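First the structure, in the form of structure tokens, and then the observations on it.
The values are calculated or read from the model by the stated rules, or taken from the named source; none is laboratory data. Because the structure is a prediction, the values reported are computed rather than measured. When we count neighbours, we look across all protein chains shown, and the Cβ atoms used for this are built from the backbone with ideal geometry, even at glycine.
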Amino acid sequence: MIAVVGGFTGALGLIIGSFLNVVAWRVPRGESIVTPPSACPSCGHEIRARDNVPVLSWLLLRGRCRDCRVAISAHYPVIELLTGAAFVAVALWLAPSILGAAGLEAGAWGAAQPALLAGTVVQLVAFLYLAALTVVLSDIDIAVHRLPNAIVLPGYVVGAVLLTAAALLMGEPQRLLVAAIGMAGSFLFYAIPAFLYPAGMGMGDVKLAGVLGMFLGYLGWEQLVVGVAAAFVVGAVAGIALMIFRRTGRRTPIPFGPWMFAGAWIGIFGGVPLASGYLKLVGLA
Ligand SMILES: [Zn+2]
């Protein structure tokens, strides 16, 4: 059953990834993500439906436009594959709770609990949304060093609606309190350095921090603390590595958004073991 959930979600991820390519290209340019339909940037021919299948079309066309044969960047299928892989990872993480609520847990067949089941499905949707944000905002931040408001700000609304629905349906309203504290705390944690040293930390990072804090707090205190702290650890290590290997200067701005997302996912998947391991290490547990 878990393989079915993972396979279905992975296929969905490839399709969403294809859409994220459109978003990542058009939103920073202020273009509509709905119209016009996708066209070859070189010859202007509209992309046919059969040439718009994620990854496969790019492979079958050997990375070239069907009409003018101009090379199409491997960036597009890579983004589709990354989104598919991220969706599979989220699905494998949350599928056991869904199958349990559906009464389909291996070795423990039970009655389905409709409200709990609905809650676990909404929770899956919420974290798939976060995975999509991760791919598209990292892509844009690396390309143009920006985190567009048009994508970040709806994250507060979509995240709040989905996580509230999930927590209430699952009968765990206390999650919402930690989510609210995580949102405000993470926002302030980034706002202070951004205020003191505007060249180092952008307002886009501060706004994104609130969204990530909400998702992390929903999961729990360990995830929240580890997720926020890991962003700085990963960002610092990556910054030093870049300085050494690419000889970037200490003042070359590097986008921080991707490291914030990396830290958040470390918190999501590893927050509980990392927090307890750290407390043991310092002798507090
Ligand atoms: Zn073309």
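Hey, does the range 73-91 have a residue that's part of a loop (DSSP other than H, G, I, E, B) and either on the phi < 0 side of the Ramachandran plot or more than 15 Å from the ligand (Cβ to nearest atom) (or both)? Looking through the range 73-91, at least one residue is part of a loop (DSSP other than H, G, I, E, B) and either on the phi < 0 side of the Ramachandran plot or more than 15 Å from the ligand (Cβ to nearest atom) (or both). On inspection, W93 does not qualify as free of Cβ contacts under 8 Å to residues at least 60 places away in the same chain and among the aromatic types (F, W, Y).
Within the range 42-68, residues that are over 21 Å from G10 (Cβ atoms) reach partners that are crowded, with 16+ Cβ neighbours inside 10 Å and of a type in the set (A, V, I, L, M, F, W, C) with beta carbons closer than 6 Å, at six or more positions or on different chains, in the pairs G63/I72; C65/C40. Within the set L133, L128, L124, the sole residue that is under 17 Å from T9 (Cβ atoms), touching a Gly at 6+ places or on another chain (Cβ under 7 Å) and outside any loop (DSSP other than H, G, I, E, B) turns out to be L133. Considering each residue of the range 38-61, count those that are within 11 Å of the ligand (Cβ to nearest atom) and either in a loop (DSSP other than H, G, I, E, B) or surrounded by fewer than 13 Cβ atoms within 10 Å (Cβ to Cβ) (or both), and give that number. Adding up the residues that qualify gives 8. Determine if the range 134-141 includes at least one residue that is surrounded by fewer than 22 Cβ atoms within 10 Å (Cβ to Cβ), aliphatic (A, V, I, L, M) and within 13 Å of the chain's Cα centre (by Cα). The answer is no; no qualifying residue exists. Of all the numbered requirements in (1) modelled with pLDDT under 95; (2) under 15 Å from the mean Cα position of the chain (by Cα), G13 misses one, and that requirement is (1). Of all residues assigned to the range 23-37, none qualifies as being more than 27 Å from the chain's Cα centre (by Cα) and outside any helix (DSSP H, G or I). Between A184, A160, A179, the distinction of being over 15 Å from the mean Cα position of the chain (by Cα) and within 28 Å of N21 (Cα to Cα) belongs to A160 only. Please find, among G171, G155, the residue that is part of a helix (DSSP H, G or I) and touching a residue at least 24 places away in the same chain (Cβ under 8 Å). The unique qualifying residue is G155.
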